[in-house]
Amino acid sequence: MVLRGEYFSDQALDVGMAEISLIPESELIGKSVREIAFRTRYGLNVVGLKRDGIALEGSLADEPLLMGDIILVVGNWKLISQLGQKGRDFVVLNMPVEVSEASPAHSQAPHAIFCLVLMVALMLTDEIPNPIAAIIACLLMGKFRCIDAESAYKAIHWPSIILIVGMMPFALALQKTGGVSLVVKGLMDIGGGYGPYMMLGCLFVLCAAIGLFISNTATAVLMAPIALAAAKSMGVSPYPFAMAVAMAASAAFMTPVSSPVNTLVLGPGSYSFSDFVKLGVPFTLIVMAVCIVMIPMLFPF
């Protein structure tokens, strides 16, 4: 929202309003604006609070913040945009188009495009591993001052990194202890005699079932070695099975814990667990049907 008036007309590119909400994992849930020291901590003013679709009246300074509350803040666009990155406590719900006009570094655009093109070119040559090419591009972005170190550090979602790193030893333990072989044997008993298409469907169902209880990222890391072992047992290409795992892990529609996005909208949308099941199961079945048909066409067995 652009602020108008005698003062704000000159400051429209610098000052504005936006709605924010606490994420479910925030440590600030249950604390008031005064306890958080919101203005001192974030440099923004809280001017409104909406709970369950109803705007609260009166003094908001001592009102405890709950998950799903919509908070209206006013202040500098740059501070508002940074709010969603500080400690991962908030998500900014409606950053308006004015923000992109207020603070982009237009002079660095050619450098950013050059870094992107260079990264793609290095990846296409196959001479340099893709992660190294991406790191080179990131370092050049910093060298050309397209992004500062603090912004780059805050852009990394550390919980996801820790989750992936933590699941890798677990997947390795399954391989070392024979857990993968046991799961693959069970899959072969169920669908191995009916060809790779049936195995593809079994992998998708198993991956979707695991995704009911853990995040999609952890599901993909856990299921990848099982998919590769199943392909080896059947003597077929591992690519379609690996792609099925990737798609099944991405089709995380059935529970709030399947994906951070689901968890994020649970509170503000006033959804229940059953809402995700009712809508998620049909969508998952549709994705599975499309994957079973399309994946072998794009990645033959």
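Read-outs: derived from the displayed coordinates by stated rules, not from any lab. This one's a predicted model, so the numbers in the text were calculated from it and none came from an experiment. Methodologically, a virtual Cβ is constructed for each residue, glycine included, from the backbone with ideal geometry; neighbour enumeration extends over all protein chains shown.
Among TRP77, TRP158, which comes first, second and so on when ranked by fewest other beta-carbon atoms within 10 Å?
TRP158, TRP77
Please give the net charge around LEU72, taking every other residue with its beta carbon less than 15 angstrom from that of LEU72, where Lys and Arg add +1 and Asp and Glu add -1.
Charge balance near LEU72 sits at -1.
Using 0.36 nm times the number of residues separating SER233 and PHE213, minus their current alpha carbon distance, what extension gain do you get?
Extending this stretch completely gives an extra 4.4 nm.
Just check segment 190-280 against the gyration tensor rule for me: Cα atoms, a ≥ b ≥ c as the square roots of the eigenvalues, rounded for a/c under 1.5, and otherwise prolate or oblate depending on whether a/b exceeds b/c.
Note, shape of segment 190-280 comes out prolate.
Convert each backbone phi in segment 58-67 into a coupling constant with the Karplus relation 6.51 cos²θ - 1.76 cosθ + 1.60 (shift: θ = phi - 60°), then list the ³J(HN,Hα) values in order as whole Hz, x for Gly and Pro.
x, 5, 9, 4, 10, 7, x, 7, 10, 4
Which pairs break 25 Å Cα to Cα here: LYS78/LYS143; LYS50/LYS78; LYS232/LYS278?
Pairs exceeding the cut-off: LYS232/LYS278.
Multiplying the sequence separation of ALA121 and GLU27 by 0.36 nm and subtracting their Cα-Cα distance, what value in nm do you get?
Between ALA121 and GLU27, full extension yields 29.5 nm more.
Give the shape of segment 106-155 as rounded, prolate or oblate, defined through the alpha-carbon gyration tensor: a ≥ b ≥ c are the square roots of its eigenvalues, a/c under 1.5 means rounded, and otherwise the shape is prolate if a/b is larger than b/c and oblate if not.
Judged from the Cα gyration tensor, segment 106-155 comes out oblate (a/c at least 1.5, b/c at or above a/b).
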